[in-house]
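**Student:** Take this structure, written in structure tokens, and hold onto it; I'll ask about it next.
The values are calculated or read from the model by the stated rules, or taken from the named source; none is laboratory data. Source: prediction; values computed, not measured. All Cβ positions, glycine included, derive from the backbone under ideal geometry; neighbour counts span all protein chains shown.
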Amino acid sequence: MKSFDDIINKAKAQRKKPRVVIAPAHDEQILSMLPEIEQIAHPVLVADAKQIKNSKLKTKNYELINVSGEKQALLAAVEMVRFGEADILMQGPVENTLFRDIVLDRHSGIGTASMSHVFLLEDPSKKKMFMITDAMLHASSSLKQKISILNNALSLARILKIKTPKIAAIAALEYVNPLIASTIDAAVLSKMGERGQFGEATIEGPLDIDCAVSKEAAFRKGVSLAVTGDVDIYLVHDSESGLHFAQFLSLLGNMPMIGIIVGSTVPVVLNMRSMSLKQKLTEIALASLESETV
């Protein structure tokens, strides 16, 4: 698959539609997507029935769980996942802190120690897609966390039919500095890749951004060109730098971007206000494909 359209078309072709629970589901923008979502997944709305009825959109044909209050809606959605009644969870118009505290909690929610967030971007110039991870959940990733983050991204790469993913382990420098943890972690991951510990994948690191994206820069610095200029997965050290990297490419580089949480009990789609309807639909489609492997 090389584009968001490919992801949507693949999801529509699935024989069994997964169940996506949307909580809370009273947002007009989300409700307007229901006919498109229904082509990919079976939507379950968790919301105050009064708010849904007041909508100008036709929602009577959709499954509705009547719950008053954002917190109660999120708790109901978590229970659905726990009882196997939902395959995907989508965040509605609710504050991020409340959503994370209830849904992504490792003890009372559906979060796990190995979950991570993956941004997927389209590069029209190269007619391919690539990932940036983790740019949302891990403020600073340990080596153990990076192994889980990378494995999550590789599971998506398999879904996207990327045969031998090329991974750039990003750090501040392109060489190992014992005082900079990101360079040490990247070197360890690169060696693990050489030993086949991540399966069919090519991992290079540490790489700074210019060595990852520019063959000229990599050649000038004497760095391996195995992944340079054709990266499938950018593995970043912390969420702040990863989010800035992704946003710059999306906003300044005009690269369409989506993202989902993987490694949790079920795939989770966040409610990012900057995403267009098509981007949100693509996120649900990607989560739908991922749900088949969970």
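**Student:** Can you tell me which of (1) in contact with a Lys or Arg (Cβ under 6 Å, 6 or more places away or on another chain); (2) surrounded by fewer than 21 Cβ atoms within 10 Å (Cβ to Cβ) is the one D238 doesn't meet?
**Tutor:** Of the numbered conditions (1) in contact with a Lys or Arg (Cβ under 6 Å, 6 or more places away or on another chain); (2) surrounded by fewer than 21 Cβ atoms within 10 Å (Cβ to Cβ), the odd one out for D238 is (1).
**Student:** Further question: Among the numbered criteria (1) loosely packed, with under 15 Cβ neighbours inside 10 Å; (2) under 20 Å from the mean Cα position of the chain (by Cα), which single criterion is violated by S68?
**Tutor:** Unmet condition: (2).
**Student:** Does the stretch 225-276 hold any residues that are under 16 Å from the mean Cα position of the chain (by Cα), among the charged types (D, E, K, R) and under 17 Å from C211 (Cβ atoms), and which are they?
**Tutor:** Answer for the stretch 225-276, where residues must be under 16 Å from the mean Cα position of the chain (by Cα), among the charged types (D, E, K, R) and under 17 Å from C211 (Cβ atoms): just D232.
**Student:** Does any residue in the stretch 267-290 that is free of Cβ contacts under 8 Å to residues at least 60 places away in the same chain and in the same structural domain as A135 (by TED's automatic domain parsing) come within less than 9 Å, Cβ to Cβ, of a residue that is buried (at least 24 other Cβ atoms within 10 Å of the Cβ) and among the small types (G, A, S) six or more places away or on a different chain, and which pairs are these?
**Tutor:** Pairs that qualify, where the first residue is free of Cβ contacts under 8 Å to residues at least 60 places away in the same chain and in the same structural domain as A135 (by TED's automatic domain parsing) and the partner is buried (at least 24 other Cβ atoms within 10 Å of the Cβ) and among the small types (G, A, S): there are none.
**Student:** A follow-up question, please. Would the stretch 232-254 turn up any residue that is touching a Pro at 6+ places or on another chain (Cβ under 9 Å) and within 17 Å of I149 (Cα to Cα)?
**Tutor:** The initial filter retains those residues of the stretch 232-254 that are touching a Pro at 6+ places or on another chain (Cβ under 9 Å), namely 232-233, 250, 254.
With within 17 Å of I149 (Cα to Cα) added as a condition, the list becomes 232-233.
Among the residues of the stretch 232-254, at least one is touching a Pro at 6+ places or on another chain (Cβ under 9 Å) and within 17 Å of I149 (Cα to Cα), which makes the answer yes.
**Student:** For the structure I just gave you, tell me whether M115 is farther than 30 Å from V231 by Cα and either modelled with pLDDT of 90 or more or assigned by TED's automatic domain parsing to the domain that holds Q197 (or both).
**Tutor:** On the way: farther than 30 Å from V231 by Cα: no; either modelled with pLDDT of 90 or more or assigned by TED's automatic domain parsing to the domain that holds Q197 (or both): yes.
So M115 fails the test.
**Student:** If you don't mind, another one. Would it be correct to say that D105 is within 25 Å of M275 (Cβ to Cβ) and surrounded by fewer than 21 Cβ atoms within 10 Å (Cβ to Cβ)?
**Tutor:** Details: within 25 Å of M275 (Cβ to Cβ): yes; surrounded by fewer than 21 Cβ atoms within 10 Å (Cβ to Cβ): yes.
Answer is yes for this residue.
So that you can scan it fast, the table gives a plain yes or no per residue for (1) closer than 22 Å to G229 by Cα; (2) crowded, with 20+ Cβ neighbours inside 10 Å; (3) among the hydrophobic types (A, V, I, L, M, F, W, C); (4) touching a helix residue (DSSP H, G or I) at 6+ places or on another chain (Cβ under 8 Å):
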| position | (1), (2), (3), (4) |
| --- | --- |
| I147 | no, no, yes, yes |
| L156 | yes, yes, yes, yes |
| I180 | no, no, yes, no |
| L189 | yes, yes, yes, yes |
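**Student:** Modelled with pLDDT of 90 or more and surrounded by fewer than 17 Cβ atoms within 10 Å (Cβ to Cβ): does that describe E95?
**Tutor:** When the stated conditions are applied, E95 passes them.
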